[in-house]
Amino acid sequence: AENLREHEKIKGDDLLEEHVNTIEDNGYRLLRLINDILDLVKLDSEESPLRPEVVNVAEFIKGLAVNLKPVAEMKGITISSHCDVLDRSDVWVDRDRLEKIVLNLAVNALKFTDSGGSVVLSASMAAGGDLELEVTDTGQGMNEEDVANVFVRFWQADMSARRKHRGAGIGLSLVKSLAESMGGDVQVQSKLGEGTTFRVTVQAPAPAAGKIGQQN
């Protein structure tokens, strides 16, 4: 697809460029799906140990929002971030797993939010010291059946408004597995036609003094 994009017969032809974009987008979707399946297999077999490092929560959540902004703008959606970690911004946590959790939820939120809507990524520290992450959207929302089954592996909502976005039912199951592997959990609140909020809680102790500034 990348080679086709650079071909002289493709450049300047809007229809062919659109087809190449579709091929490339679907290729990336397949790549993400394969990676998600591999992650689930590793988690199920307990062959994927945690690799914690020092993560600055404020920079982390802001960076993800900035990275997703071009996608949001293409759909006419406003994306923003908010961080309320008080006096403890650095945590000792598996950055890769945390990033997969938030990106899965954020991409899902963008998928089901129409133009003119909004998506907010937020982070805060719970009273017990755990890290709380929220992804809130003003999208299509879910009915009670969807909410009850949303984390069930391979579950796919069968609503006509969602059919064009149907996936393999893996992303949210992966989010739950990743959260649980980090000593946490994920909850969802949603109302049909009004939007959805996913709230993830993970264990995120303060880094030991010798680990401040350490990145893996």
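The values are calculated or read from the model by the stated rules, or taken from the named source; none is laboratory data. Since we're looking at a predicted model, the values are computed, not measured. Positions of Cβ are generated from backbone atoms using ideal geometry, with glycine treated the same way; all protein chains shown enter the neighbour counts. The accessibility values were calculated without ligands, DNA or RNA, using every heavy atom of the protein model including side chains. Shrake-Rupley method; radii C 1.70, N 1.55, O 1.52, S 1.80 Å.
Multiply the residue gap between Glu53 and Asn67 by 0.36 nm, knock off their C-alpha separation, and tell me the result in nm, one decimal place.
2.9 nm
Evaluate E = 1/(1 + (r/R0)^6) for Arg32 and His82, where r is the Cβ-Cβ distance and R0 equals 30 Å; express this FRET efficiency to the nearest 0.05.
0.70
What percent do you get for the relative contact order of the chain when only Cα pairs under 8 Å and 6+ apart count?
21 percent
Give, rounded to the nearest 20 debye, the magnitude of the charge dipole that the chain has about its Cα centre when Lys and Arg contribute +1 at Cβ and Asp and Glu contribute -1 at Cβ.
Taking the Cα centre of the chain as origin, the dipole is about 80 debye.
Helix 171-181: angle to the longest alpha-carbon principal axis of the chain, degrees 0 to 90, nearest 10?
The two axes meet at around 20 degrees.
For the chain, which whole-number percentage of the solvent-accessible area (1.4 Å probe, protein heavy atoms only) is attributable to carbon and sulfur atoms?
Taking all protein chains in place, the chain shows 51 percent carbon and sulfur surface.
With the Cα gyration tensor of the chain in hand, convert its eigenvalues to equivalent ellipsoid semi-axes via √(5λ) and list them largest first in whole Å.
Semi-axes, largest first: 30, 22, 19 Å.
Restricting to DSSP H runs of at least four residues, report the calculated mean residue ellipticity at 222 nm for the chain, -39500 (n - 2.57) per run over all residues, nearest 500 deg cm²/dmol.
Per the formula, -13000 deg cm²/dmol.
Using Cα atoms only, what is the angle between the long axis of helix 14-44 and the major principal axis of the chain, expressed in degrees (0 to 90) to the nearest 10?
On a 0 to 90 degree scale, this one is about 30.
Any chance you could tell me what percent of the C-alpha pair distances in segment 52-159 go past 20 Å?
45 percent
Can you give me the orientation-averaged projected area of the convex hull built on the Cα atoms of segment 53-115, in nm²?
With every direction weighted equally, the projected area is 4.2 nm².
Which residue, chosen from Ala58, His7, Ser48, occupies the Cα position most advanced towards the positive end of the dipole of segment 1-67, where the dipole is computed from +1 (Lys, Arg) and -1 (Asp, Glu) charges on Cβ about the Cα centre?
Farthest towards the positive pole: Ala58.
Using 0.36 nm per residue, how much length does the chain from Arg5 to Ala127 gain when fully extended, once their Cα-Cα distance is taken away?
38.8 nm
Hey, which of these cross-link pairs are over 32 Å Cα-Cα: Lys11/Lys100; Lys11/Lys42; Lys11/Lys111; Lys11/Lys69; Lys9/Lys42; Lys9/Lys100?
Over 32 Å apart, Cα to Cα: Lys11/Lys100; Lys11/Lys42; Lys9/Lys42; Lys9/Lys100.
Considering only protein heavy atoms, with the full assembly of protein chains and a 1.4 angstrom probe, order Glu17, Glu24, Glu8, Glu73 by accessible area, largest first.
Sorted by accessible area, descending: Glu8, Glu73, Glu17, Glu24.
Give the angle, between 0 and 90 degrees and rounded to the nearest 10, that separates the Cα long axis of helix 57-74 from the longest principal axis of the Cα atoms of the chain.
Orientation of helix 57-74: about 10 degrees from the principal axis.
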